[in-house]
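What follows is one structure encoded as structure tokens, with my remarks underneath.
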């Protein structure tokens, strides 16, 4: 499928990268956890992650860092957990806070799927999560996936899934994700501690959908304040 067709429907990709990508349908025998051959450059990804959450390719540095930290492929992470990542990035932007993996992890813990492989999800840590889940029921997401493939298949020239010849994250599902529970064991900077305090003072859990909708707002800070009055003093 032409990437431009899906781009028109889902806005799944940053425009400069359209000519470098193709979208390939999967066969009925194909499964989202199938291994990616070393001779190919593609990932499996769910339709709903682009449609509902506004995820785009290439993934942001923060998203790549998180995938590396927990050692999973993009499609191994449950869509609702992708929603947490997206909402956190938007919230930090609106609140004029630097993105930090330590800050995000403070509020969450990793839940493992059924061994040896399984979908990975995030839940609130003992400190409490930041957001409500995007959807209570993603019934068909496991069947609605496709391949996002680089057209050149050259890791040395690829800037979408690779950086300097090294993968930005795992292209394949992993049997041993790296668990975490809050910021336990992390060395947090003074800025991270300050931002954790600010976020901890919000009226939680925030609505994921409301935060995601701030992307199209003319005045996202004002809209955020009107939705969560108690955080007014935290902004600015």
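The values are calculated or read from the model by the stated rules, or taken from the named source; none is laboratory data. Being a predicted model, the structure only gives us computed values, none of them experimental. Every residue, glycine as well, gets a Cβ built from its backbone with ideal geometry; the counts of neighbours run over all protein chains shown.
Structural remarks
- Scanning the stretch 97-111 for residues that are assigned to a loop (DSSP other than H, G, I, E, B) and either crowded, with 23+ Cβ neighbours inside 10 Å or at pLDDT below 95 (or both) yields a single hit, 107.
- Residue 180 passes every criterion in (1) surrounded by 15 or more Cβ atoms within 10 Å (Cβ to Cβ); (2) over 15 Å from residue 127 (Cα atoms); (3) touching a strand residue (DSSP E or B) at 6+ places or on another chain (Cβ under 9 Å); (4) modelled with pLDDT of 90 or more apart from (2).
- Only residues that are assigned to a loop (DSSP other than H, G, I, E, B) and loosely packed, with under 14 Cβ neighbours inside 10 Å were counted in the stretch 187-203, giving 4.
- Number of the exception - residue 225 against (1) surrounded by fewer than 18 Cβ atoms within 10 Å (Cβ to Cβ); (2) assigned to a helix (DSSP H, G or I); (3) free of Cβ contacts under 8 Å to residues at least 12 places away in the same chain: (1)
- Remark: pairs (first residue in the stretch 189-210, free of Cβ contacts under 8 Å to residues at least 40 places away in the same chain; second residue surrounded by 13 or more Cβ atoms within 10 Å (Cβ to Cβ) and assigned to a loop (DSSP other than H, G, I, E, B); Cβ separation under 8 Å; 6+ apart in sequence or on different chains) = 203/228.
- For the stretch 122-155, filtering for residues that are without any contact (Cβ under 8 Å) to a residue 60 or more places away in the chain and surrounded by 18 or more Cβ atoms within 10 Å (Cβ to Cβ) leaves 2.
- Meets criteria (surrounded by fewer than 23 Cβ atoms within 10 Å (Cβ to Cβ) and in contact with a helix residue (DSSP H, G or I) (Cβ under 6 Å, 6 or more places away or on another chain)) for residue 118: no
- Taken over the stretch 64-79, the residue count meeting the criterion of being free of Cβ contacts under 8 Å to residues at least 60 places away in the same chain and buried (at least 20 other Cβ atoms within 10 Å of the Cβ) is 2.
- The test for being assigned to a helix (DSSP H, G or I) and either modelled with pLDDT under 95 or surrounded by 13 or more Cβ atoms within 10 Å (Cβ to Cβ) (or both) does not hold for residue 158.
- The stretch 204-220 - residue that is touching a helix residue (DSSP H, G or I) at 6+ places or on another chain (Cβ under 7 Å), part of a helix (DSSP H, G or I) and surrounded by fewer than 16 Cβ atoms within 10 Å (Cβ to Cβ) and, of those, modelled with the highest pLDDT: 210
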